[in-house]
Each structure stands twice: as structure tokens, then as C-alpha cells.
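K.L.:
Structure incoming, see below.
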Amino acid sequence: MKRDLLTLQDLSNEELMHILTLAREVKTSWDPARYGSTLSGRTIALLFQKPSTRTRVSFEVAIRKLGGDSIFLSWHELQLSRGETVSDTARVLERYVDGIVARVGDHQILVDMAENARIPVINALSNRFHPCQIIADLLTIWERFGALKGIKLAYVGDGTNVCNSLLVGCTKVGMDISVACPVGYEPDPEAVQWAFENASRTGSTIIITDEPLEAVKDAHVIYTDTFMSMHIPESEREKRFEVFVPRYQVRPELFEHARPDAVFMHCLPAHRGEEVVSEVIDGPRSIVFDQAENRLHAQVALFIFLYGSSVPS
Ligand code: CP
Ligand code: NVA
């Protein structure tokens with residue numbers, strides 16, 4: 001049966017750990033003889049409705065590294081932009097390609113695509129979830145602290161797609177997560193529900209609050225994301241900034257309440273002076289470029305999981 005990755009909840013806890021183990025292996029000891037032909041003879045479509053730097057490039061490079069081909073499809077140049085249905089598009093694309101990596105404004109588009117294509121559909125970001133980002137983030141945290149279970153991540157800011165996927169991902173690997181979002185900007189209720197379900201099995205603790213100082217207490221990681229995600233209309237900017245700034249900005253003072261070895265993480269792109277000040281993102285605690293690099297290794301591992309037959313050594 002084909003596998004999709006629309007949210008991290010599509011993976012069992014063991015499968016997520018397997019992908020992370022593979023990602024560590026391909027990052028530290030890349031073996032082309034073992035994995036370099038995983039996508040040989042296969043073509044993956046990259047269908048993007050929104051801009052991207054990291055996701056697009058890391059997927060293209062990952063596919064090439066695994067011996068496959070990719071075709072970049074801009075939504076606006078497809079008949080989708082003139083009203084062709086998602087289901088018809090999916091049923092056509094599956095006749096040509098072996099997988100679809102898609103970035104969309106409305107998560108439902110991915111659901112429709114996955115229901116209508118008999119090939120894997122991978123979420124490259126939707127308004128609700130960004131699972132591939134979080135696989136890379138977990139890899140980065142694992143490398144940094146040598147563990148995942150018992151590590152505490154504090155997310156401060158808007159309850160974005162990234163925040164939702166962090167809730168799901170952290171609780172699958174036994175990490176503790178606290179989220180501080182203003183009232184009215186909380187994470188997606190389904191993501192919160194999944195997080196509690198996961199936590200009941202892994203023992204993760206979850207705090208959802210509107211108080212940043214409460215969230216960051218004893219945290220290993222302080223994480224934030226933009227206050228103006230791509231699907232948010234520009235007309236909301238002023239209202240949002242009144243709510244978020246300065247209370248939900250990540251500033252050096254916040255780290256006084258975290259662990260002494262706490263690091264700063266951000267999915268990027270960052271907006272200095274908005275969700276984070278330069279002193280933090282450009283300072284010694286910041287590991288944002290390790291995160292960005294790990295998008296590549298995480299996605300190589302994801303493709304091996306979806307298309308290969310190897311188990312990690
Ligand atoms: N983090 C992330 O998804 O970046 P891009 O929007 O550049 O792909
Ligand atoms: N929350 C952000 C993430 C960008 C990678 C957005 O959706 O724009």
C-alpha cells in the first residue's frame with residue numbers, strides 16, 4: 001500500500017525513530033552503494049503553490065542524491081490555477097510520476113491529492129502542518145543533546161503549522177513540549193489532541209499556556225516561527241503585531257529562565273526584530289543553520305523509508 005506523509009501522525013512512533021536513525025546514518029556515513037539508487041528510474045513532482053527556498057532545494061538535492069529525477073511544478077503555471085480540480089490533477093500526475101511533494105495553502109488540497117493519487121504524497125508545508133521541517137528539527141536536537149526523550153522544547157509565538165507539527169513530533173519521540181501562544185492564536189485543536197494521545201504512550205509532558213516565561217522554564221530549546229505565515233493576509237499584520245510584540249518576541253532575557261545550555265531554533269525564514277531579535281538568532285545559542293542543513297538529510301531518509309527496502313545499520 002502506498003504511504004503518504006501529510007502529518008507526522010501518519011507515522012508510528014517507531015517509524016519516526018527509524019527515519020531519524022536513517023537520517024543520522026546518511027548524514028554521518030553516506031554510502032552511495034547502499035542508498036544512491038533508491039530513486040533510480042523514478043521521478044518525483046514538486047508542486048508548489050507558495051514560495052520556498054529550503055524545502056524546494058533540499059528536496060531537489062535529496063532526489064538527485066538518491067538517483068532520481070524531479071520536476072518542479074509551479075501551481076500558477078498548471079491548469080489548477082484555471083480551475084482544474086485537485087482530484088483530476090492527482091489522477092493525471094500519477095500516470096507520469098512516482099510521488100508528489102506538495103506545498104499548499106489549504107491542507108485539504110493535500111488530503112484530496114492523497115485520496116486521488118495511487119503514489120505517495122508528501123506535505124512540503126500546508127497552512128496546518130509542516131512535517132518534513134520537524135523531522136529535520138528532531139534530528140538537530142538529537143545531535144545537539146545526544147537524546148530526544150526527556151529533552152524539553154519551548155515554542156513561543158504564533159500557533160503556526162510548525163508549532164502544530166512540533167506538538168505531534170515531540171510527543172512521538174518522548175520529548176517534553178511547552179507552547180506559549182497569545183489567546184486566539186493557539187495551535188490547531190487536532191494537533192493538540194494528537195499530542196496528548198501520543199504523550200499518553202510516550203510519557204511526554206505538554207504545557208499549553210499564553211505565558212512565555214512559564215513555557216521556557218528549564219527548556220533545552222526555545223523555538224519560534226514568523227508572526228505572518230504565508231497564508232495569513234497582509235491586512236492582519238498590524239493587529240497581529242499589537243498582540244505579539246514585544247511579549248512573544250524571543251529576546252535574550254527569555255534564556256535566563258531556560259537551561260544554561262539552551263539553544264535557539266527557527267524553521268526560517270526569520271524576520272529579525274519581529275519574532276526574534278538579531279542578538280538571539282545571530283548569537284552563539286542559535287542552531288538555525290544546522291536545522292536548515294538537516295532538511296536535506298531528513299528528506300533523504302524519508303525517501304529511503306518510503307521507496308527503499310533498507311533498515312538502518
Ligand atoms: N523552513 C522552510 O520550509 O523554508 P522554505 O519556506 O524556504 O522552504
Ligand atoms: N509558518 C511559516 C513557516 C515557513 C517555513 C509559514 O507557513 O509561512
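Readers should treat all values here as calculations from the given coordinates under stated rules, not as data from a laboratory. Treat the numbers as computed from the prediction; the structure is a model and nothing was measured. Positions of Cβ are generated from backbone atoms using ideal geometry, with glycine treated the same way; all protein chains shown enter the neighbour counts.
K.L.:
Would you point out which residue out of Arg295, Arg285, Arg259 is within 30 Å of Gly99 (Cα to Cα) and either touching a Pro at 6+ places or on another chain (Cβ under 6 Å) or surrounded by 13 or more Cβ atoms within 10 Å (Cβ to Cβ) (or both)? Before the answer, list the steps.
P.N.:
Values: Arg285 fails: within 30 Å of Gly99 (Cα to Cα); Arg259 fails: within 30 Å of Gly99 (Cα to Cα).
That would be Arg295, the only listed residue that is within 30 Å of Gly99 (Cα to Cα) and either touching a Pro at 6+ places or on another chain (Cβ under 6 Å) or surrounded by 13 or more Cβ atoms within 10 Å (Cβ to Cβ) (or both).
K.L.:
Residues that are under 24 Å from Leu268 (Cα atoms), within 16 Å of ligand 1 (Cβ to nearest atom) and surrounded by fewer than 16 Cβ atoms within 10 Å (Cβ to Cβ): does segment 73-83 have at least one?
P.N.:
yes
K.L.:
Continuing with the same structure: Out of Arg118, Arg103, I need the residue that is within 16 Å of ligand 1 (Cβ to nearest atom) and charged (D, E, K, R). Which one?
P.N.:
Result: Arg103 is the single residue among Arg118, Arg103 that is within 16 Å of ligand 1 (Cβ to nearest atom) and charged (D, E, K, R).
K.L.:
Before we move on, is Met230 touching a residue at least 12 places away in the same chain (Cβ under 8 Å) and part of a loop (DSSP other than H, G, I, E, B)?
P.N.:
It is true that Met230 is touching a residue at least 12 places away in the same chain (Cβ under 8 Å) and part of a loop (DSSP other than H, G, I, E, B).
K.L.:
Follow-up. Could you check how many residues of segment 262-282 are in a helix (DSSP H, G or I) and either under 22 Å from the mean Cα position of the chain (by Cα) or buried (at least 17 other Cβ atoms within 10 Å of the Cβ) (or both)?
P.N.:
Qualifying residue count, segment 262-282: 2.
K.L.:
Here's a follow-up. Being farther than 25 Å from Ala258 by Cβ, over 22 Å from the mean Cα position of the chain (by Cα) and assigned to a helix (DSSP H, G or I) narrows it down to one residue among Glu238, Glu197; which is it? So that I can check it myself, show each step before the final result.
P.N.:
Details: Glu197 fails: over 22 Å from the mean Cα position of the chain (by Cα).
That would be Glu238, the only listed residue that is farther than 25 Å from Ala258 by Cβ, over 22 Å from the mean Cα position of the chain (by Cα) and assigned to a helix (DSSP H, G or I).
K.L.:
Of the residues that make up segment 141-161, is at least one under 12 Å from the mean Cα position of the chain (by Cα) and either in a loop (DSSP other than H, G, I, E, B) or buried (at least 24 other Cβ atoms within 10 Å of the Cβ) (or both)?
P.N.:
Within segment 141-161, the subset under 12 Å from the mean Cα position of the chain (by Cα) is 160-161.
From what is left, the residues that are either in a loop (DSSP other than H, G, I, E, B) or buried (at least 24 other Cβ atoms within 10 Å of the Cβ) (or both) are 160-161.
Looking for residues that are under 12 Å from the mean Cα position of the chain (by Cα) and either in a loop (DSSP other than H, G, I, E, B) or buried (at least 24 other Cβ atoms within 10 Å of the Cβ) (or both), one finds at least one in segment 141-161, hence yes.
K.L.:
Only one of these conditions is not met by Glu293: (1) within 16 Å of ligand 1 (Cβ to nearest atom); (2) within 25 Å of Arg128 (Cβ to Cβ). Which number is it?
P.N.:
(2)
K.L.:
Can you name every residue in segment 85-131 that is of a type in the set (Lys, Arg) and either crowded, with 18+ Cβ neighbours inside 10 Å or under 26 Å from Thr53 (Cβ atoms) (or both)?
P.N.:
Arg103, Arg128
K.L.:
Kindly indicate whether any position in segment 169-179 is without any contact (Cβ under 8 Å) to a residue 40 or more places away in the chain, of a type in the set (Val, Ile, Thr), out of contact with any Pro (no Cβ under 9 Å at 6 or more places or on another chain) and not in a loop (DSSP other than H, G, I, E, B).
P.N.:
yes
K.L.:
Output the number of residues of segment 19-60 satisfying the condition of being more than 16 Å from ligand 2 (Cβ to nearest atom) and either in a helix (DSSP H, G or I) or of a type in the set (D, E, K, R) (or both).
P.N.:
17
K.L.:
So, in segment 61-96, how many residues would count as being assigned to a helix (DSSP H, G or I) and either in contact (Cβ under 8 Å) with a residue 60 or more places away in the chain or under 15 Å from Arg295 (Cβ atoms) (or both)?
P.N.:
5
K.L.:
A follow-up question, please. Could you tell me which numbered condition Ser165 fails, if it satisfies all but one of (1) under 22 Å from Val250 (Cα atoms); (2) in a helix (DSSP H, G or I); (3) touching a strand residue (DSSP E or B) at 6+ places or on another chain (Cβ under 6 Å)?
P.N.:
(3)
K.L.:
Among the residues of segment 134-158, which ones are small (Gly, Ala, Ser), farther than 14 Å from Cys267 by Cβ and touching a residue at least 24 places away in the same chain (Cβ under 8 Å)?
P.N.:
Within segment 134-158, the subset small (Gly, Ala, Ser) is 136, 146-147, 150, 154, 157.
Filter again for farther than 14 Å from Cys267 by Cβ, leaving 146-147, 150, 154.
Those that are small (Gly, Ala, Ser), farther than 14 Å from Cys267 by Cβ and touching a residue at least 24 places away in the same chain (Cβ under 8 Å): Gly150, Ala154.
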